[in-house]
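**Student:** Sharing a structure with you now.
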Amino acid sequence: MQEVARQLGVTHRALRFYEDKGLIEPERVGSMRIYSRRDVGRMQLILRGKRLGFSLREIQEFLDLYDADPEHVEQMIRLAGRVRERLLDLEKQQVALEETIRELRQIEHDAMARVKTARGR
DNA sequence: TTTCTGACA
DNA sequence: TGTCAGAA
């Protein structure tokens, strides 16, 4: 099992966490977990979703649809919607970041100006 | 609150 | 392995 975790670049604890959340459901042999190719595939989708900033909850909805809708039509519609929301969110953050950067630059500028004044230059 | 991690049995 | 406490 540490093999699957290492291969995916996550800890076994994270795999357990995703299982608890219902994102993956590895087969059990006794108390041991068997991760199928399907589980590994789902994990890769989960990791990708995480990289793109989606919550596990959103990722779970997406995975559920993947199972429920063989044509993936509804899934793609929902996905496109989520992606749009995510983009809007990131764009807002971008604006906020730019504002923060401008403010910090101004503070730096003012601070240096005072130093020069204090030194009598 | 969400997403984990560490530790203990 | 399961579970609880806690970090970020």
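The numbers here are math on the coordinates, done by the rules we state, and not lab data. Quick caveat: nothing in here was measured; it's all calculated off a predicted structure. Backbone-built Cβ (ideal geometry, glycine too); neighbour counts: all protein chains shown.
**Student:** What helices (runs of 4 or more DSSP H) lie completely within segment A:1-96 and have 2 or more residues being exposed (fewer than 10 other Cβ atoms within 10 Å of the Cβ) and within 16 Å of DNA strand C (Cβ to nearest atom)?
**Tutor:** Output list reads A:2-8, A:12-20.
**Student:** In contact with a Gly (Cβ under 9 Å, 6 or more places away or on another chain) and under 24 Å from residue A:75 (Cβ atoms) - does that describe any residue in segment A:1-17?
**Tutor:** Looking through segment A:1-17, none of the residues is in contact with a Gly (Cβ under 9 Å, 6 or more places away or on another chain) and under 24 Å from residue A:75 (Cβ atoms).
**Student:** Further question on the same structure: Looking only at segment A:16-33, filter to residues that are within 12 Å of DNA strand B (Cβ to nearest atom) and of a type outside the set (A, V, I, L, M); which one of those is nearest to the chain's Cα centre (by Cα)?
**Tutor:** For segment A:16-33, the residue satisfying everything is A:18.
**Student:** Go through segment A:62-103 and count every residue that is among the small types (Gly, Ala, Ser) and over 22 Å from the mean Cα position of the chain (by Cα).
**Tutor:** 1
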